[in-house]
Amino acid sequence: MQLTQLDPYDPEQAFPALHKALTDPNGLLAYGGCLSPSRIVNAYRQGIFPWYNPGEPILWWSPNPRLVLFPDKLLVSRSLQKTVRKQLFEIHYDRDFAGVVAACAAPRRDHGGTWITAEMQAAYLSLHKLGVAHSAETWQDGVLVGGLYGLGIGRVFFGESMFHHQTDASKVAFASLVRQLSAWGYQLIDCQVSSDHLLTFGAEEIGRQSFQGWLRQLCDQPPHPQAWRI
């Protein structure tokens, strides 16, 4: 199948039908275009997200199956519960979104590169200013030591990336965020692709069509009015 090239000057351009997504690599749908806020939000509402390496064109993905977490199915291990009870970290939301994105973009020990390019960072910072992108953060002694960021559209939170500088810092941020999202009326968390780490929290794989059905149902339903205002 030939991939569709998106027009960078038409951020409202519709994406091709999802049934045309490649199976190898899994879910690759289109390339090119731009990272304008309107295009990114339009993509996420259809279950599509950008992911590419430096020097590559922007690649748009919709993998099948999709890893998701229903907030009421959150699992927290006993060891993590003990860590939470110790109150080693302060939990904050949107206190330092830029810092979270920068930390997520920094090279990791297991590999030197990053897919969160400067262009990607600028795009999500723009979305944060528009009230669409958000972060959950763990702080210790006034220092940001862990967290994650993603997009909140309707009652769906689309997770993007997480980091930690202290043991369990990102896990505590994630577990706290899931519980807070549930209180705000969110009903689905997109985890994109399967990972052993997220499966331990109760995440599960569902088919692309099922995932799209949830998006059509939930993306137009507003969360609690106080969401992200604490």
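What follows is calculated from the coordinates using simple rules that are stated; it is not laboratory data. Quick caveat: nothing in here was measured; it's all calculated off a predicted structure. Please note: Cβ atoms are built from the backbone with ideal geometry, for glycine as well, and neighbour counts cover all protein chains shown.
Trypsin sites (Lys or Arg not before Pro), restricted to region 95-192: which are DSSP loop and have at most 16 other Cβ atoms within 10 Å? Walk me through the numbers before you get to the answer.
Numbers: sites: 95, 108, 109, 129, 155, 171, 179; in loops: 95, 108, 109, 155.
Answer in residue order: 95, 108, 109.
Once you sort the root eigenvalues of the Cα gyration tensor of region 164-230 as a ≥ b ≥ c, which label holds: rounded (a/c under 1.5), prolate (a/b larger than b/c) or oblate (the other case)? Mind dumping the intermediate values first?
On the way: a/c = 2.95, a/b = 1.14, b/c = 2.59.
Taking the square roots of the gyration eigenvalues as a ≥ b ≥ c, region 164-230 is oblate.
Using only DSSP helix segments of four residues or longer, with each worth -39500 (n - 2.57), what per-residue ellipticity at 222 nm results for the chain after dividing by its residue count and rounding to 500? Mind dumping the intermediate values first?
Values: 7 runs with 68 residues, N = 230.
Helix-only estimate at 222 nm: -8500 deg cm²/dmol.
Compute the convex hull volume of the Cα atoms of region 117-165, divide it by the residue count, and report the result per residue in Å³ as a whole number.
On the way: hull volume 4.4 nm³, N = 49.
In region 117-165, the Cα convex hull volume per residue is 90 Å³.
What's the local net charge at residue 209, with K and R +1, D and E -1, over the other residues with C-beta under 11 Å away?
Working: positive: 66, 208, 216; negative: none.
That sum, taken over residues with Cβ under 11 Å, equals +3.
Quick check for the chain: number of Lys pairs with alpha-carbon distance under 28 Å, counting only pairs 8 or more apart or on different chains?
Numbers: 73/82; 73/86; 73/171; 82/171; 86/171; 129/171.
Value for the chain: 6.
Could you state the angle between the C-alpha long axis of helix 208-218 and the longest principal axis of the C-alpha atoms of the chain, as a value from 0 to 90 degrees rounded to the nearest 10?
Tilt relative to the chain: about 70 degrees.
How big is the charge dipole of the chain about its Cα centre, in debye rounded to the nearest 20, if each Lys and Arg gets +1 on its Cβ and each Asp and Glu gets -1 on its Cβ? It would help to have the intermediate numbers written out before the result.
On the way: 19 positive and 20 negative charges, 132 e Å.
In debye, rounded to 20, the chain gives about 640.
For region 4-65, what log10 I(q)/I(0) values come out of the Debye formula at q = 0.13, 0.14, 0.29 1/Å, with one point per alpha carbon and no solvent?
Values, matching the q order: -0.29, -0.33, -1.42.
With θ set to phi - 60° and the Karplus curve 6.51 cos²θ - 1.76 cosθ + 1.60, what are the ³J(HN,Hα) couplings of region 173-190 in order, to the nearest whole Hz, using x for Gly and Pro?
4, 5, 4, 5, 5, 4, 5, 5, 4, 4, 5, 8, x, 5, 10, 8, 10, 7
State whether region 63-111 is rounded, prolate or oblate according to the following rule on the C-alpha gyration tensor (a ≥ b ≥ c being the square roots of its eigenvalues): a/c under 1.5 gives rounded; otherwise a/b larger than b/c gives prolate, and the remaining case gives oblate. Please list the in-between numbers first.
On the way: a/c = 1.62, a/b = 1.07, b/c = 1.52.
Because a/c hits 1.5 or more and a/b fails to exceed b/c, region 63-111 counts as oblate.
Pairs of Cα atoms under 8 Å, at least six residues apart: use those to get the relative contact order of region 4-65, whole percent. Can you show the working numbers first?
Values: 95 pairs, mean separation 22.1, N = 62.
Relative contact order for region 4-65 comes out at 36 percent.
Using alpha carbons only, how many angstrom separate the centre of region 104-174 from the centre of region 60-101?
Computed from Cα coordinates, the inter-centre distance equals 10 Å.
Please rank 186, 31, fewest neighbouring Cβ atoms within 10 Å first, as an exposure proxy.
Values: 186 23, 31 16.
Least crowded to most crowded, the residues run 31, 186.
At 0.36 nm per residue, and after removing the present C-alpha to C-alpha distance, how many nm does the segment from residue 209 to residue 38 gain when stretched out fully? List each step's numbers first, then the result.
Working: separation 171, 0.36 × 171 = 61.56 nm, distance 2.31 nm.
This chain segment gains 59.3 nm when fully extended.
Using the Kirkwood radius over Cα pairs, work out the Stokes-Einstein diffusion coefficient for the chain at 4 °C and 1.567 mPa s, in µm²/s as a whole number. Write out the running numbers ahead of the final one.
Details: Rh = 18.1 Å.
The diffusion coefficient I find is 72 µm²/s.
Whole-Hz Karplus ³J(HN,Hα) for region 75-81, in order, using 6.51 cos²θ - 1.76 cosθ + 1.60 and θ = phi - 60°, x for Gly and Pro?
10, 10, 5, 4, 5, 6, 4
Taking the beta-carbon count within 10 Å as an exposure proxy, list 78, 216, 66 from fewest neighbours to most. Before the final figure, lay out each step's value.
Values: 78 7, 216 12, 66 24.
Listed from fewest to most nearby Cβ atoms, that is 78, 216, 66.
Give a quick list of chymotrypsin sites (Phe, Trp or Tyr not before Pro) in region 65-161 that DSSP marks as loop, anything other than H, G, I, E or B, with at most 15 other Cβ atoms within 10 Å.
Details: sites: 89, 93, 97, 115, 124, 139, 149, 157, 158; in loops: 89, 115.
The qualifying sites are 115.
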